[in-house]
1. Kindly express, to the nearest 10 degrees and within the range 0 to 90, the angle between helix 663-681's C-alpha long axis and the longest C-alpha principal axis of the chain.
2. Quick check on the chain: helices-only [θ] at 222 nm, where DSSP H runs of length 4 and up contribute -39,500 (n - 2.57) each and the sum goes over total residues. Nearest 500, please.
3. Express the relative contact order of the range 310-386 as a whole percentage, based on alpha carbon pairs under 8 Å and six or more residues apart in sequence.
4. What angle, in degrees between 0 and 90 and rounded to the nearest 10, separates the Cα long axis of helix 297-328 from the longest principal axis of the Cα atoms of the chain?
5. Tell me the GluC sites (Glu not before Pro) within the range 452-542 that lie in a loop according to DSSP and have at most 16 other beta-carbon atoms within 10 Å.
6. Taking the 0 to 90 degree range and rounding to the nearest ten, how far is the long axis of helix 355-367 tilted relative to the main principal axis of the chain, both from C-alpha atoms?
7. Sort 575-581, 148-154 by packing, meaning the average of other beta carbons within 10 Å per residue, with the highest value first.
8. Taking Cα pairs under 8 Å and at least six residues apart, what relative contact order does the chain come out at, in percent?
Amino acid sequence: MVKTYRLENLSCTSCAAKFEKNIQSLPDVKNVNLNFGASKLTIDGEVTIEALEKAGAFDHIRVYPEKERVKLVPFYQRRQTIETALSLLLLIAGIIASFQIGETHPWSIALFGSSMAIGGYHMFWTGLKNLSTLQFDMKTLMTIAIIGAVIIGEWREGAVVVFLFAVSEALESFSMNKARQSIRSLMDLAPARALIQRGGELVELDTEDIRIGDVLIVKPGQKIAMDGTVLRGRSAVNQAAITGESIPAVKTAGDEVFAGTLNDEGALEVTVTKRVEDTTIAKIIHLVEEAQAEKAPTQKFIDQFAKYYTPAIIAIAFFVALVPGFLTGNWELWVYQGLAVLVVGCPCALVVSTPVAIVTAIGNAARQGVLIKGGVHLEETGRINAVAFDKTGTLTKGYPEVTDVLAEGFISKEELLTLAASVEVMSQHPLARAITKEAAKVYDSENFNSVTGKGAYADIKKETIYVGSLNWAEEKGLRIPEKARKLQESGKSVTAVFSQMKLLGVIAVADAIRTESPSIIKKLKAMGIGETIMLTGDHPATAAAIAEEIGVTDVRAGLMPEDKLSAIKELKKQYGRVAMVGDGINDAPALAASSIGIAMGGAGTDAALETADIALMADDLEKLPYTIRLSRKTLRIIKENIVFALGLKIIALLLIIPGWLTLWIAIFADMGATLLVILNALRLVKVQK
């Protein structure tokens, strides 16, 4: 039986690996998967929470059922913080005593020993157990170093090292909880209970008990608990939590709404269309958690590197302690230096340098309405050289709009639209719907008739009005103005409006360009992505006109889905890493073949969530430059973190040569590197659209 749990106090990757190993060794546990980034545990087998917490007792890991909200303990109330504060007080008392009565006085030793015991007893216990099984992690190295310091009489330095290590552990735990906050905020979006209308009665139910087809009652100011379709009512719904859109969307009967969004002003009755575990917000949480668990290429390299790094540090420490000791005879100095090497060599900062950046970036993106499905995709997006776009619904709005109205003679544009709409109101053609939508009003019409391949006509105000192709107007003996021909050549669908005697005017309809498309292309060019390509099944003339208006550098027209796939393969050979932006359904082959597949409008499309590497939850191209900028900054921060982590350690190790490396400098270098990489990664929280 597979069960999922939430974890608290899981602050380091080595602790997570040990916890996972301990659980795997429990009886009746078939398989275990621990997601460090999301602090989540999945187990296949029969096991109690008490047994799990016992397996994580070495690091005081707390285990909660998935549905239960993890109680967040304030930083100042946490066990680690209290123990660290007590350790500091005893350390200060010991230092004062050592200056008054000497460092080797029993009272001074007692104060330093108490400081070490309170601040480091968890570390010592774990380190000694690891030592007995020859497991060399950070706590093992620290334990050896502290025991060595005590043996050679360095009580004060040993106590300082334990205190600094305790500070490092407490701050690391606090920072990782901060990085995971994005997941917790997503989990708290949708209410756990909702008001349901069943059998003519209103009942309040847990969301787990709500069924598909139930009618959800949502009052003004309430959050919507389930995905569904509006049955009755009209309201503005703030969808920022799902799509990142700041402007509320107006919802009326038939419109889709999502769990976790906020109903602003009107009451709504919503027919539930998905169970609680299948809602869009539930899928987002699941995919974000899976993304945070997936290791980026850099992280895989660091993990592999750390396997060889730790044994190498132990070997160097023994070399530093033994060889110069034999040569100089000053064993106390060089054993001390060897212990300092063990401390400074702890790989904690290096191991945490990548995952904390990935967790923070993916969480930030989710809050902005961008779903990035793994560290590998985050890194890859930061390296793209070209972006290919589907046209319809991506660079354009995806539906026809009236773009030009040319009235002839004394008739006004408004009257021309009204006459055309009065005929087209009876038609189901997409172009007809665009005209009727644009008109402010319609007249009563009679004797409507449709002529296949030509258009339609009807009697309006006792006169027959025709709406159809330019060729049809010419067949009636009417002259078509040159402006109308040019509109047609530019790729627009041009409709003539005429009577038996004269041409009244022409109306041009086209799949309108998104207002933001030209500015997005400019932003991409400003970011250094010089190659932008439009892939479309449209006629080359239409595609060329749109491409020129938007500003893309290349256009490929008349493409079938398989042709788009071939185009992506060709572009990858030409430019290297290529991103493809599409709707996630028609463009699925091209999205899959590209270096990074980016789907538009993921909030309303299950296919987009499943097929793309990145889903822009709102139908909003503005999120594309933000996503690339976030990815690039994440790559830069990961590189900075690795340099910080290794650089500080190398500088500290160089202090061995003149014999200046002390235990407190060693732990300060290790703690400093760890805190630097965590704080540096947390800067990704501030990256905004």
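1. Approximately 10 degrees, to the nearest 10.
2. The per-residue figure over the chain is -15500 deg cm²/dmol.
3. 22 percent
4. Tilt of helix 297-328: around 20 degrees.
5. GLU516
6. It is inclined by approximately 30 degrees.
7. Final packing ranking: 575-581, 148-154.
8. Worked out over the chain, it gives 12 percent.
The values are calculated or read from the model by the stated rules, or taken from the named source; none is laboratory data. Computed from a prediction, not measured in an experiment: that's the story for all the values here. A quick note on method: Cβ atoms are made from the backbone with ideal geometry, for glycine too, and the neighbour counts reach across all protein chains shown. These accessible areas exclude ligands, DNA and RNA; they are computed on the full protein's heavy atoms, side chains included. Shrake-Rupley method; radii C 1.70, N 1.55, O 1.52, S 1.80 Å.
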